[in-house]
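These notes are about the structure you will find just below.
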Amino acid sequence: MGFLGTNELRQILPNCIDKFDDKRIDNVAYELSLGEEAYLTDSKSGKKEKLDDKNTQIVIKSGQFALLLTDEVVSIPDDLIAFISIKFSQKIKGLINVSGFHVDPGFKGKIIFSVYNAGPTNIVLDKGNPYFMIWFSNLTSSSLVYNGKHKGQNSISGEVIHSLNGELASPNVLLDRIKSNESKLTNFSWAAGVIMSIGLGLSVKTCSDNSKFNEGYQQGLKERKIEVLIDSAIQRVDIDSVINDRIEKQLKQKKDDSKK
Ligand SMILES: Nc1ccn([C@H]2C[C@H](O)[C@@H](COP(=O)(O)OP(=O)(O)OP(=O)(O)O)O2)c(=O)n1
C-alpha cells in the first residue's frame, strides 16, 4: 500500500473527479471545493443553504457545526482507497473535520464534510473555493467495493440534517446564556436592593412611631396619676367643717355688726 504521487494522480484523476482541473493537484493531494449546499446548525429556518451565483457565501459562527457538500463528484476505483481532510488555511482558523476520514473503494458521489468551528471568530467560506483535500492510496490486495447508503449521494439528506438538530451546547451559546443570566442577576440585585431599602425605611419609621406612641402613653399615664392623687386629696378634706367654719364666721360677723 502506498499513496499515489503527482504523476499517478494526473493519470487517474480525470476519470475519478468529474470536474477535474490539473491546477487543483497539490503535490500528492487533490483539492476539492465547496459546492451548492451547506447546512449550518444555527440556521433560523432549519433548512440547508443553497449556494449559487447570487448566494455565494456561508458563515460558520464560532462554536457551530456545519455540513458542507463538495462541488465535485468523486469516483474511487475499486483498487484504491482515499483519505480526506480540510486544508491548513482553514484549520488554522479553528475549522475541524468531524466526519470520517476515508472514502471506500468503489464509492461514487459528492463528499459531505461535517465541520466544527472551534476557533474564536466566524469562518466565511465561498462557493467554488478549494477548502478540502483528498489523497489516494492503492491497496495491497483486492477488496469489497462500497455499496452502502452514501453511494451516489448528490446532496445533504434530511436524515443527516436531522441528526444535527437539537439544542447545541456550543461554548458561544453557553457564553450568551451566562451573559444573559448575569444581566438578569444584576437586574434582580437592583430590584432586591430597592425593595430592601424601602423595607428598611418603613421599619425605621414604624419603630420611631412606636417609640413616640410609647412616650405619649407614658406621659398620659403620669398625668392621670397626678389627677387621681389630686382627686383623692380633695376627697380627704372635710367639706362640712369648712362650710360650718364659714357659717360661724359670718354669724360672728353679724353679731359684731349688730353690737355696733
Ligand atoms: N466525510 C465523509 C466521509 C465519508 N463519506 C462517504 C464515503 C464513504 O465511503 C462512505 C461510507 O463511510 P462510512 O462507512 O464511514 O460511513 P457510514 O457508516 O455512515 O456509512 P455506511 O453505513 O454505508 O458504512 O461515506 C462522505 O460522504 N463524507
For the chain: Kirkwood Rh in Å [reciprocal of mean 1/r, alpha carbons]: 26.2 Å
Compactness of region 49-95 - radius of gyration and Dmax, Cα, Å: 14.3, 40
Hits among lysines - C-alpha to C-alpha of K149 under 18 Å, sequence gap 8 or more where chains match: K108, K110
Under 5 Å, built H, 5+ apart or other chain: amide partners of S99: S114
³J(HN,Hα) computed for each position of region 30-36 - Karplus, 6.51 cos²θ - 1.76 cosθ + 1.60, integer Hz, glycine/proline x: 10, 8, 9, 10, 6, x, 8
Sequence-separation-based contact order of the chain, relative, with Cα cut under 8 Å and 6+ spacing, percent: 20 percent
Charge dipole (debye, nearest 20) of the chain; +1 at Cβ of Lys and Arg, -1 at Cβ of Asp and Glu: 1740 debye
Largest-first ellipsoid semi-axes for region 173-251, taking √(5λ) over the Cα gyration tensor eigenvalues, angstrom: 76, 7, 5
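Looking at the calculated P(r) for region 1-153, what percent of the C-alpha pair distances fall above 22 Å?
Tail fraction, whole percent: 41.
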Mean projected area (nm²) of the alpha-carbon convex hull when region 74-159 is viewed from all directions: 6.5 nm²
Candidates F136, F83, F188: whichever shows maximal mean-square fluctuation once the chain is modelled as a Gaussian network with Cα springs under 10 Å: F188
Region 187-212 residues near the modelled Q219 label - backbone nitrogen below 20 Å, point 7 Å along Cα→Cβ: 205-212
Most fluctuating residue given options S189, S89, S232, as computed from a GNM of the chain linking Cα atoms under 10 Å: S232
For region 76-82, Karplus couplings with θ = phi - 60° (6.51, -1.76, 1.60), whole Hz, Gly/Pro x: 8, x, 4, 9, 10, 10, 10
Residue-averaged [θ]222 nm for the chain, counting only DSSP H segments that reach four residues, each worth -39500 (n - 2.57): -14500 deg cm²/dmol
Cβ-based net charge around E31, under 13 Å, with every Lys or Arg adding one and every Asp or Glu removing one: -1
Cα-based reach from K259 at 29 Å (exclusive), listing lysines while leaving out same-chain residues under 8 positions away: K249
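Values quoted throughout were computed directly from the atomic coordinates according to the rules given, and no laboratory measurement underlies them. These numbers were taken from a predicted model, which means no experiment stands behind them. Cβ coordinates were reconstructed from backbone atoms using ideal geometry, including for glycine residues, and neighbour counts include every protein chain displayed.
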